[in-house]
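**Q** The structure follows.
The values are calculated or read from the model by the stated rules, or taken from the named source; none is laboratory data. Predicted model, so just to flag it, every value in this text is computed and none were measured. When the accessible area is computed, the model is the full protein with side chains, heavy atoms only, and any ligands, DNA or RNA have been set aside. Shrake-Rupley method; radii C 1.70, N 1.55, O 1.52, S 1.80 Å.
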Amino acid sequence: MNIFRFAGDLSHLASIFILVYSIELHKSIKGLSLKTQSLYALVYITRYLDLFTTYVSLYNSLMKIFFIGSSVYIVHIMAFKYRKSIKEDIDTFPVRYLVGGSFLLSLIFTHKYSFGEILWSFSLWLESVAILPQLFILQRTGEAENITTHYIFALGIYRVLYIPNWLYRYFGEGKFDYIAVLAGLIQTAVYSDFFYIYYTRVMQGQNFELPV
């Protein structure tokens with residue numbers, strides 16, 4: 001644990017609280033991607049299957065429980081409680097390519113060919129592209145509620161903060177996980193255009209808009 005990872009975790013937590021707050025405030029999931037949230041649920045379930053077999057620390061265990069529980073809860077309320085506000089003709093990104101591609105990469109890039117390690121690698125690759133269906137909706141509609149963009153921004157900051165975390169672990173602890181770094185850099189690149197538009201528009205008090 002270091003300050004960069006802790007700050008990244010706080011940003012990650014903030015993104016989830018912002019998302020749930022947005023949904024409950026508007027009683028709607030308009031502009032949100034059920035596919036992205038389903039992918040995140042798959043990410044955390046596959047990544048944290050070791051919850052009851054490997055103990056690292058209380059903090060680690062609580063975070064695993066929270067991310068699994070919150071992701072499943074978000075999918076549940078989106079799929080059932082507020083399903084009427086889903087626009088299935090907009091949330092159409094072909095996620096099978098994301099899942100299939102991530103699985104293929106997990107077979108190529110893994111520390112060892114065991115069930116747990118392959119699932120861990122799969123979760124990293126899938127997390128790096130899970131936001132794409134949500135960004136696809138923003139691209140198709142051209143605009144979004146500011147609170148939705150705040151959620152995506154906080155989620156992106158979580159990943160950006162892991163870059164100095166990797167540097168700290170490499171120079172301070174002599175540890176380097178090339179799979180986590182590669183997947184993280186891809187995820188950061190995916191967010192790059194969004195960060196620019198968020199900074200130039202939302203932080204200047206304007207609505208988030210993209211060319212449709």
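**Q** Hey, can you find the accessible area per residue of the chain for me, probe 1.4 Å, expressed in square angstrom?
**A** Each residue of the chain exposes 53 Å² on average to a 1.4 Å probe.
**Q** Could you tell me how many degrees, from 0 to 90 and to the nearest 10, lie between the Cα long axis of helix 115-129 and the main elongation axis, the longest principal axis, of the Cα atoms of the chain?
**A** 30 degrees
**Q** Leaving out ligands, DNA and RNA, what percent of the accessible area of the chain is carbon and sulfur, probe 1.4 Å?
**A** Ligands and nucleic acids excluded, carbon and sulfur reach 67 percent.
**Q** Here is a follow-up. Tell me the mean residue ellipticity at 222 nm calculated for the chain from its helices only (DSSP H runs of n ≥ 4, each -39500 (n - 2.57), averaged over every residue, nearest 500).
**A** Roughly -22500 deg cm²/dmol at 222 nm, from the helical runs in the chain.
**Q** With θ set to phi - 60°, apply the Karplus curve 6.51 cos²θ - 1.76 cosθ + 1.60 along the stretch 12-24 and write out the HN-Hα couplings as whole Hz, x wherever there is a Gly or Pro.
**A** Coupling constants for the stretch 12-24: 5, 4, 4, 4, 5, 5, 4, 5, 5, 4, 4, 4, 6 Hz.
**Q** What is the count of Lys pairs in the stretch 15-90 whose alpha carbons sit under 12 Å apart, if the two are 8 or more places apart or on different chains?
**A** Taking the Cα cut-off of 12 Å, the pair count is 5.
**Q** Compute the acute angle (0 to 90°) between the alpha-carbon long axis of helix 95-108 and the principal axis of greatest extent of the alpha-carbon atoms of the chain; round to the nearest 10°.
**A** Helix 95-108 and the main axis of the chain meet at about 10 degrees.
**Q** Quick check on the chain: what does the Kirkwood estimate of hydrodynamic radius come out to from the alpha carbon pairs, in Å? Each step should come with its number before you reach the end.
**A** Numbers: mean 1/r = 0.0559 Å⁻¹.
In the chain this quantity evaluates to 17.9 Å.
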